[in-house]
Structure formats: C-alpha cells, structure tokens
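Below: one structure, written as structure tokens.
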Amino acid sequence: MPSVRFRVAFGILSALWLSGCGGSGQYFVAKDEPWRATEERACLASGAVQESPFIKTKLSLGGPTVCGAERPFELAATDGGRVTLQPAALLRCPMIPQVNRWVQTSIQPAAMRAYGAPLVELKIAGSYACRPMNHVSGAYLSEHGHANALDVSGFVLADGRSISVKRGWRGDYRDRAFLRAVHDGACQHFTTVLSPDYDANHHDHFHVDLARRGPDGLKTVCK
Ligand SMILES: [Zn+2]
C-alpha cells in the first residue's frame, strides 16, 4: 500500500527534521492530507481574508517541514479592529473569518448579556507551533502545526474586566455563564472545541481548530 508507506516515510522524515533542528526534542507523525492545501488555496482565492492594518501576510512558517501553511497570516485584531489578539496569532486563511464570526456572533453578545460591556481583547495562549499533539513525543502533528488552531485563555472587556478560562470556568455564576456561552458559540464556528472539561491539558484555555476528522471529514468535537 503505497499511501501507508508514504505516510510512514513522511513521519520518519519529520522526526529527522525536527530532531535535527535541535528544538524541543519532540517528534511527531504527519499524515498525508491533501485537503489542507486545497482548502487553504480556496480560501485565499475567495478573498475572504484581506490584508489590513491588523491582518498581515507572513511568507512562510515552519521552514522545510510539513508544518506551517502556504500563506499564513498574522492576526493582531478582529471584529473590524475592535478586538485585539494579545499576542497576535499566526493562523491559516480559513481560521481568520471563523475567529471573526465567533467574536461577533457569540462572544460580543455574551459579554453584553453577562457584564454589559463589549469585548476588546482576546488573550492568546497559543496559535502556530510545530509540535506533536499535547506536546507528546511521537503523537500526530498538532493542528497548531498547521496554523489551524487557536488557544484562548482569557477575555478583556471595555470596562477593564478580565475573565480567565482558568478561574472562571468553575468560578461564579456570571463567569460560568459567559464562558459556557463563549464555548457553545465556538462549536458553531469550529470543528474542534476543547474546554477545561476535556482534559487537564486544557484546564486554562479553550482550544479551537478547523481539523477535518473521521472518514468523511465531518466529525466534530465540542467538549
Ligand atoms: Zn490548542
């Protein structure tokens, strides 16, 4: 089965590249996933993402490995520039409109309902990183390695209030209601959403990504 041999060889190559870089010492297995390039090119061609003072094109990520994206973006703000990402996130094209929709249709209404103040900042705990899932050596390459994932650890409102996932997920009634609305809203816009309820690795942030899972690529995870 040539495809299996290809995948295995790819994984070994990835391992060699990474360990050769002298980075974290972790290696990962990369799958052959042609949908990624197809989807990214379609997004770029659609004009869904335009450069702006807060959306900048990055030429490449990851160097000569399976990591990165063809034309990733650095996203410094969303919602028309009203909500900054701190720090700016490195993301592939399809993620950018979904982050914007999540903020506009889920997080902003939830912030107004719970606190009467709009969101002005997302605290970003991670975006692009060429690493295995959950930092476990030998695991599959994380969606973060494809710039197809975002970790959000907190939300800052216009009145200066800051809500963290770590404290608020099991915090007072209002923080819990806000964070659950934010989480449930994310499940409308991303194919994978992981909260502190998922596992200990996610005790202090929401992970959202646009992975295609399952035989038909339509499996979603909202936990
Ligand atoms: Zn993550």
**Asked** Out of all the residues in segment 41-70, which are more than 13 Å from residue 92 (Cα to Cα), at pLDDT below 90 and either surrounded by 15 or more Cβ atoms within 10 Å (Cβ to Cβ) or in contact with a Leu (Cβ under 6 Å, 6 or more places away or on another chain) (or both)?
**Response** 65, 66
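Any idea how many residues of segment 113-166 are of a type in the set (Ser, Thr, Tyr) and surrounded by 18 or more Cβ atoms within 10 Å (Cβ to Cβ)? Before you say what the answer is, go through the steps one by one.
We begin by selecting, within segment 113-166, every residue of a type in the set (Ser, Thr, Tyr); these are 115, 127-128, 137, 140, 142, 153, 162, 164.
Cutting the leftovers down to surrounded by 18 or more Cβ atoms within 10 Å (Cβ to Cβ) gives us 115, 127-128, 142.
Residues that pass the stated criteria total 4.
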**Asked** Do any strands (runs of 3 or more DSSP E) entirely within segment 120-223 hold 2 or more residues that are within 15 Å of the ligand (Cβ to nearest atom), and if so, which?
**Response** 149-157, 192-194, 206-209
**Message:** I'd like to know if segment 159-169 contains one or more residues that are closer than 19 Å to residue 79 by Cβ, of a type outside the set (S, T, N, Q) and under 19 Å from the mean Cα position of the chain (by Cα).
**Reply:** no
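The values are calculated or read from the model by the stated rules, or taken from the named source; none is laboratory data. Not measured: the values here are computed from a predicted model. FYI the Cβ positions are ideal-geometry reconstructions off the backbone, even for glycines, and counts take in every protein chain you see.
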